[in-house]
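Quick notes on the structure that follows.
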Amino acid sequence: MAYGQPQLLKPSRNDVLVVTPWLAPVVWEGTFNIHILNQQFRQQNATIGLTVFAVKKYIIFLKLFLETAETYFMVGHRVNYYIFTDQPKHVPQILLQKGRQMAILRVQSYARWQDISMHRMEVISIFSQRRFLREVDYLVCADVDMKFNDHVGVEILSSLFGTIHPGFFWLRRDAFPYERRPQSQAYIPQDEGDFYYMAALFGGSVPEVYRLTKACHEAMMIDEAGHIEAIWHEESHLNKYLLHHKPTKVLSPEYMWNNGPLNLTPCIKRSRFVILQKDGKTMRTNDENIEKGFGEGRWPVSPPHLPATLF
Amino acid sequence: MLSRKQKCCSLCVAILLLTLILALFSYYLNPKNQKLKSMLARASMAVRKLRGQQDVKWSRMAYGQPQLLKPSRNDVLVVTPWLAPVVWEGTFNIHILNQQFRQQNATIGLTVFAVKKYIIFLKLFLETAETYFMVGHRVNYYIFTDQPKHVPQILLQKGRQMAILRVQSYARWQDISMHRMEVISIFSQRRFLREVDYLVCADVDMKFNDHVGVEILSSLFGTIHPGFFWLRRDAFPYERRPQSQAYIPQDEGDFYYMAALFGGSVPEVYRLTKACHEAMMIDEAGHIEAIWHEESHLNKYLLHHKPTKVLSPEYMWNNGPLNLTPCIKRSRFVILQKDGKTMRTNDENIEKGFGEGRWPVSPPHLPATLF
């Protein structure tokens, strides 16, 4: 294999952290050579499972999600899509490349969107034992209201990975939207925390994803018995878990972007996996009047210039 | 006299009782005190810790926030193109790593060969290892020697032990050096797989000079040789004859690794040492010996089975003044000078001794223009 010599006296990026204090790589453009990595993972004949939940109205996102996954996600590797839905007949027909297949799995829908969201953890843990352990080497768990916009490949794979949320990464840890009430299992004190991870993309080896989803589900059950619901639902619990079981790779916000103009945030060179705008009122309607919708005042406005002085 | 377990149990009960009393007292004063729950949580945390139960979920650790917009080093590569960390000072927080490895109750094996005159290096090697190597973790030293009775008595810290294993000596020092691969692969199956989680394989003519800890551990690691790291790959002293199994073409190669420090998980070290030994046997049958012996084969192996961590030259230094090479902040594992003529005497007149013209002079300023 021919490739340029790694240059020991030249950092791959001079503007961002590329390895965490526990020596997990932070995956940014420029840090990896995809040809070397592709060869390594092809040698293992790795199979990657991609789980996605399309329940109630969210089924309309499936077509674009899957079509863009065909173009950008793990191209050249074996991929199993696992589509969890309450409407199996409405799953769109997508032409899949060689070595890629799809399984449609029925799940129940809940009245509240928060419950739909949170029960994904339980479903993934159950299916990890029932199917995934035998069928795939790695699991990638993604939200469906997304599209792939650029390469997302084997550089993300490791025993356990989380993705840095694009809305908070320049802030101090006491400003991260962790759950702050000690009564919740997801509680993180003001002086703790590495990053704020987004639950829309996480994964790892099947045993590790099983452990994570099981732990989050159990923690949510304990909270439910204690009549408390964490502020950002399963995402709060994910953050608690990854604080105490540190990921072996961390994906930069390139892997969770809002498709705003890239030139406004210089450290983001590629927008790989993109959050689609949605209308909170039609997509997530409960009996409550007040919506905690995605994109509705949830994130601080990300300043185009990210002042290091905020640290 | 109470046994350790009984003492522990009594202490647990005492602490739990005390905390419960305090908790009840504060509840009585303020029934809705939300601090009650966290106090109980802390109590159960304390009890769990005393019992030695490693409950990751509750261990609380204070350390500075990782700064995503600030590189940990601005002068060196800290992750390889295949996303293996390159371990330098400033890239890791040892407290986080120590906690992770203690939670696993990791045991680290350190293999060293002290054959013929090299036995004189053992004392300093082991004494400095006691001070700097994997302190606080379980360590098994495996001393391979042809003179078991001359292994020095060293006072070992708690959780550390030593096994002395007899090996044969060879007439040629090159053979002594190369057969280490065979011995390590045999003992990996015979003993190491059952006794340790990680293996670290080191040369004996060295001393530890600064912290060498769990930051180096991963499934497979190699160490960058201090003599060549600023050079272009066509200047690395790889084996260049295609007839040898260790052959690497001029346009290939990531780093030049030094065989004086490598390691990983037992299965991976087994695979590496077995492959190198077999490659050397093939070369022997083909009447060729690689230019730098097992080190040439190690480099071939690590080119095609890339390490999951790479140790910077901090882990293999010559103890020269640090201010001459700005990127080296610590000199952790140091190569001792030795007299090639007395240490490695074969029947041959010409010595390829260590430290005798083997390395290019390392320039104090490492010009990036050489790349």
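What follows is calculated from the coordinates using simple rules that are stated; it is not laboratory data. Keep in mind the model is a prediction, meaning the values are calculated, not measured. We place every Cβ from the backbone using ideal geometry, glycine too, and count neighbours over all the protein chains shown.
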Note to self: Cut-off 10 angstrom, C-alpha nodes, Gaussian network model of chain A. Which of A:Ile222, A:Ile231, A:Ile188 fluctuates the most?
What the structure shows: A:Ile222
Next item on the list: Give, as ranges by residue number, the residues of segment A:156-199 whose backbone N falls under 15 Å from the point 7 Å along Cα→Cβ of B:Lys70.
Entry: A:170-174
Next item on the list: Collect residues whose amide H, placed 1.01 Å from N in the peptide plane, falls under 5 Å from the amide H of A:Thr51; neighbours closer than 5 in sequence don't count.
Entry: A:Tyr82, A:Val140, A:Cys141, A:Ala142
Checklist line | Rh (Kirkwood; distinct C-alpha pairs) - segment A:26-290, Å | finding: 18.9 Å
Next item on the list: Using amide H atoms built 1.01 Å from N in the peptide plane, name the residues 5+ places from A:Gln185, or on other chains, whose amide H lies under 5 Å from its own.
Entry: A:Asp223
Next item on the list: Report, as an integer, the average count of C-beta atoms from other chains found within 10 Å of each Cβ along B:251-259.
Entry: 2
Next item on the list: Can you grab the distance from the C-alpha centre of segment A:27-84 to the C-alpha centre of segment A:193-217, Å, no decimals?
Entry: 17 Å
Check: Taking only the alpha-carbon positions of segment B:160-234 and ignoring solvent, what does the Debye formula give for the base-10 log of I(q)/I(0) at q = 0.15, 0.20, 0.27 Å⁻¹?
Finding: -0.78, -1.26, -1.44
Check: For the residue pair A:Leu262 and A:Lys56, what label-to-label distance in nm results when each label sits 7 Å from Cα along the Cα-to-beta-carbon direction?
Finding: 3.6 nm
Next item on the list: Using amide H atoms built 1.01 Å from N in the peptide plane, name the residues 5+ places from B:Val87, or on other chains, whose amide H lies under 5 Å from its own.
Entry: B:Val310, B:Leu311, B:Ser312
Check: Hey, what do the phi angles of segment A:39-51 turn into as Karplus ³J(HN,Hα) couplings, whole Hz, using 6.51/-1.76/1.60 and θ = phi - 60°, x for Gly and Pro?
Finding: 4, 4, 6, 5, 4, 6, 6, 5, 10, 10, x, 10, 9
Next item on the list: Among the aspartates and glutamates, select those whose C-alpha is under 17 Å from the C-alpha of A:Lys269, and discard any that sit fewer than 8 residues away in the same chain.
Entry: A:Asp15, A:Glu29, A:Asp150, A:Glu155, A:Glu254
